[in-house]
Amino acid sequence: MKEGAKPRGTRTGFTTGACSAAAARAAAIGLVEGAVPPHIDCLLPNGDSVRFEVHDGRCDAHSAHAMVVKFAGDDPDCTDGAHLTADLRRLPGQAGVVQLTGGPGVGTVTMAGLGLAVGGPAINPVPRRNIEENVRAVAEELLLHDGLEVCISVPQGVEMARKTLNARLGILGGISILGTTGIVKPYSTSAYRASVVQGVQVAATLAAQTGRSVVVLTTGGRTEQFAMREHPELPPAAFVQMGDFLRYALDEAVAQGIAQVVIGGMVGKLTKIAQGETITHANRAEVDTELLARLAARVGAPAADCAEIAAAETARFAAERMQALGLLEAFHTALAQEVVNTLTAPDRYGQRFQLQVLVCDFDGHKIAEAHS
């Protein structure tokens with residue numbers, strides 16, 4: 001589904017996860033009703049219902065096939081135009097079972113640290129739940145007697161994956177099925193950068209009216225919801241989803257004379273900030289896992305674990321290892337303080353504003369915080 005009426009630079013798109021869920025829902029309808037529909041209303045993880053066009057629909061009594069073409073909006077996404085394909089197969093006698101697998105073009109996880117089972121398909125947790133939710137919504141009666149295998153594939157996935165960091169992260173043979181809301185916002189465009197600056201300006205205007213000079217910068221919707229729970233006294237206009245554009249947000253906060261900045265994030269983006277990156281897009285710089293290893297050592301992690309963290313490819317690996325060692329809070333507190341130290345260094349922003357850093361886990365629960 002394209003938002004053709006919106007000007008270029010602002011059009012949103014849909015994640016690989018949302019398109020996979022739509023294809024799976026269409027195929028499930030085919031099994032139930034005997035025909036795959038030409039379009040489908042799919043429930044996104046954010047609660048919205050969106051209509052997708054369905055291609056290549058076919059089915060018989062035992063299986064069904066459907067495909068949705070991904071539209072990425074104005075985000076320069078290498079998966080734009082990908083054919084997210086769902087093949088469903090009845091599992092006789094396995095009532096209630098919905099089994100999700102990965103087919104050609106969907107990467108296989110070969111390393112720990114991604115929050116996914118090693119050896120399994122690179123389909124992230126939110127898309128997994130969303131695919132299953134959509135299948136169950138239309139196949140409730142069928143599932144009273146049989147189960148369903150849902151296989152997601154992407155015919156162009158191997159080629160597309162060469163343009164990503166998947167191989168470095170240990171995801172081999174294809175792309176990842178991603179998305180926490182189902183919507184792709186144009187985070188990588190000048191239009192989005194402008195919207196970040198405008199958001200900070202709005203927060204500054206609000207500060208002048210209320211006498212509370214604060215802006216809360218978050219990396220996305222999940223961290224924004226977390227930050228809103230931490231600061232319920234602030235109005236919504238004080239919160240700005242900066243995406244990857246920390247530099248633009250902080251420069252504008254300084255220009256507007258905002259007295260307090262709050263940054264809410266998770267381990268990956270915060271590591272990028274702590275190591276000195278102010279544009280935190282995945283393609284701009286790798287995570288400094290040696291920095292994470294030093295922080296782990298600082299809070300008492302054994303040398304062998306620190307060495308594994310330094311050799312890993314993701315920040316999430318460090319977080320999971322620290323949790324296993326019972327050092328999760330101490331580690332994230334050290335990381336938050338490292339962010340504070342980096343951003344308030346004399347050659348960065350110094351004392352131009354008071355800084356609070358809030359850290360949440362991948363479910364949006366608070367782990368730690370630090371202050372300047």
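The values are calculated or read from the model by the stated rules, or taken from the named source; none is laboratory data. Keep in mind that this is a model prediction, so the values were computed, not measured. Cβ sites come from the backbone with ideal geometry, for glycine too, and all protein chains shown count toward neighbours. Ligands, DNA and RNA are stripped out before the accessible areas are found, and what is left, the full protein with its side chains, is counted by its heavy atoms. Shrake-Rupley method; radii C 1.70, N 1.55, O 1.52, S 1.80 Å.
Side notes on the structure shown:
- Taking every C-alpha pair closer than 8 Å and separated by at least 6 residues, the mean separation divided by the residue count of the chain gives a relative contact order of 14 percent.
- Mean ellipticity per residue at 222 nm, deg cm²/dmol - from DSSP H runs of n ≥ 4 across the chain, formula -39500 (n - 2.57): -11000 deg cm²/dmol
- By DSSP, the beta bridges lying fully in the chain are antiparallel in about 60 percent of cases.
- Among Ala28, Ala204, Ala307, residue whose mean-square fluctuation peaks in a GNM of the chain (springs only between Cα atoms under 10 Å): Ala307
- Within the range 201-321, percent of DSSP bridges classed antiparallel, to nearest 5: 10
- For the range 244-280 and the range 286-308, distance of Cα centres in Å: 23
- Counting only DSSP beta bridges with both residues in the range 96-239, the antiparallel share comes to about 25 percent.
- Residue-normalised accessible area of the chain, expressed per residue, 1.4 Å probe, Å²: 43
- Relative contact order for the range 56-174, counting Cα pairs under 8 Å that sit 6 or more residues apart, in percent: 33
- The range 218-275: C-alpha gyration tensor shape, a/c 1.5 cut-off, then a/b vs b/c: oblate
- Over the range 26-110: Kirkwood hydrodynamic radius from C-alpha pairwise inverse distances, Å: 14.5
- The GluC sites (Glu not before Pro) of the range 189-244 meeting both criteria, a DSSP state outside H, G, I, E and B (loop) and at most 15 other C-beta atoms within 10 angstrom of the site's C-beta, are Glu233.
- Prolate/oblate/rounded call for the range 1-158, Cα gyration tensor, a/c under 1.5 rounded: oblate
- The range 137-222: relative contact order as a whole-number percent, Cα under 8 Å and 6+ apart: 15
- Restriction of the trypsin sites (Lys or Arg not before Pro) in the range 113-217 to DSSP coil positions whose beta-carbon has at most 12 other beta-carbons within 10 angstrom yields Arg162, Lys163, Arg168.
- Anisotropy class of the range 123-225 from Cα gyration tensor, a/c 1.5 cut: oblate
- Carbon plus sulfur fraction of accessible area for the chain, probe 1.4 Å, in percent: 51
- Once the chain from Ser49 to Arg129 is taken as fully extended at 0.36 nm per residue, the excess over their C-alpha distance is 27.2 nm.
- Solvent-free Debye scattering, log10 I(q)/I(0), computed from the Cα coordinates of the chain at q = 0.09 Å⁻¹: -0.56
- Per-residue SASA entry for His39, accessible area with 1.4 Å probe, Å² rounded to 10: 80
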